[in-house]
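The values are calculated or read from the model by the stated rules, or taken from the named source; none is laboratory data. Please read all numbers here as calculations on a predicted model, not as lab measurements. Because the Cβ atoms are built from the backbone with ideal geometry, glycine has one as well, and the counts that use them run over all protein chains shown. For the accessible areas, the whole protein counts, side chains as well, though only heavy atoms, and no ligand, DNA or RNA atoms are used. Shrake-Rupley method; radii C 1.70, N 1.55, O 1.52, S 1.80 Å.
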Amino acid sequence: MIILDAFNRPLHDLRISLIDRCNFRCPYCMPSEKYHHAYQFLDKKEWLSFEEIVRLVKIFVQLGVIKLRLTGGEPLLRPDLDVLIRLLSAIKGVDDLALTTNGFLLAEWAPRLKAAGLGRLTVSLDTLDEAIFYRMSGEKGSVKEVLEGIRAAEKAGFDSIRINAVIQRGINDHTILDLVKYFRGTRHSVRFIEYMDVGNQNHWDYSQVVQSSEIITLIDSYFPLEQLKNIKSGETSEIYRFKDGQGEVGFISSVTKAFCNTCSRLRLSADGRMYTCLFATHGANLGGYLRTSASDEFITNFIRETWLKRDDHYSEIRSKLRHTPQALPKIEMFQIGG
Ligand code: SF4
């Protein structure tokens, strides 16, 4: 079944946050001043159980979802994650099962994720400079561990890993070419992400954004690029190939080239709240319905009605205004995954 929202966008992708906790404290997402050791994250009892997640995913698949992305916080912190991946990869209709991680625990987890049926991996790696990485991870992580995780994932059979790098002017923009040189010629590809005003903590300002067009010009001046046609609808990144055949690089330009017109994503928080946009201010409590024994039919109709009314296009609005358009607090990115 295909359901279309108010802008005729089909529901296609579901991003599931498995946990609101993380082992990093990236200032643009989870600054340690606020999310310190005493901060009250969700209690384990509030997390959707694997049975509840599977039940919801089966309903979403009936409504057109074919792509699942597991996120967090940091999803590798969710105990027995491979058990859930095995259950999800067995659901008929789930064509694409992916996971986004900060890579810190990947060396330990990679073989189990592969064996359980995980299809694709995305690793967040904003820079290869150890000192800058340490600062950008809230003094929690190291490049060394993340690269070891990527090597372990390769060994486990993940042969084309996406590397997500958020570029901030004056923070890591001078290390862009290091990432390009490191991953060129491998089967992995870097996705450069324009810095966004996600959540309410990062004091975002347009002047901190390094536009994708600037990054493309920089890379092209060293390694000539050629843009590829986007084949998949709802794809968030623009893909370029190196003319010398040394692989691909992508650009996610939510600030300067909003892609709301093809956005086919819903997001689920770890406690089962459904959000229709990364910049949403409120979510519908599906978890509550599950736990008050609502029927599958009721939940299916509820999701359908929510999607049919969906008219989110935040990035388009922001692009025109070049500043954060709304006063209402947005959901935090670590609660629904990027
Ligand atoms: S801003 Fe919202 S509607 Fe636009 S692409 Fe992002 S999630 Fe989709």
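Figures for the structure shown
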quantity	calculated
Test set (1) at pLDDT below 95; (2) closer than 20 Å to Thr71 by Cβ; (3) over 14 Å from the mean Cα position of the chain (by Cα) - Asp271 fails condition number	(1)
Of all residues in the range 316-336 being among the hydrophobic types (A, V, I, L, M, F, W, C) and more than 14 Å from the ligand (Cβ to nearest atom), the one that is modelled with the highest pLDDT	Phe334
Residue in the range 240-248 that is among the polar types (S, T, N, Q) and open to solvent by less than 30 Å² (accessible area, probe 1.4 Å) present	no
Matching option when the condition is open to solvent by 30 Å² or more (accessible area, probe 1.4 Å), on the phi > 0 side of the Ramachandran plot and more than 18 Å from the chain's Cα centre (by Cα), among Gly138, Gly170	Gly170
Selection count where residues are out of contact with any helix residue (DSSP H, G or I) (no Cβ under 9 Å at 6 or more places or on another chain) and within 12 Å of Ala156 (Cβ to Cβ), scope the range 83-136	0
Residue ranges of strands (runs of 3 or more DSSP E) in the range 232-315 with at least 2 members closer than 23 Å to Ile2 by Cβ and within 15 Å of the ligand (Cβ to nearest atom)	265-268, 273-275
Every pair of residues 6+ apart whose Cβ atoms lie under 8 Å, when the first sits in the range 24-36 and is open to solvent by 70 Å² or more (accessible area, probe 1.4 Å) while the second is modelled with pLDDT under 95 and in a loop (DSSP other than H, G, I, E, B)	Lys34/Gln201
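For (1) assigned to a strand (DSSP E or B); (2) farther than 25 Å from Trp109 by Cα; (3) without any contact (Cβ under 8 Å) to a residue 12 or more places away in the chain, each residue gets a yes or a no:
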| site | (1), (2), (3) |
| --- | --- |
| Ile150 | no, no, no |
| Ala165 | yes, no, no |
| Ile176 | no, yes, no |
| Leu179 | no, no, no |
| Val190 | yes, no, no |
| Ile193 | yes, yes, no |
| Met196 | no, yes, no |
| His203 | no, yes, yes |
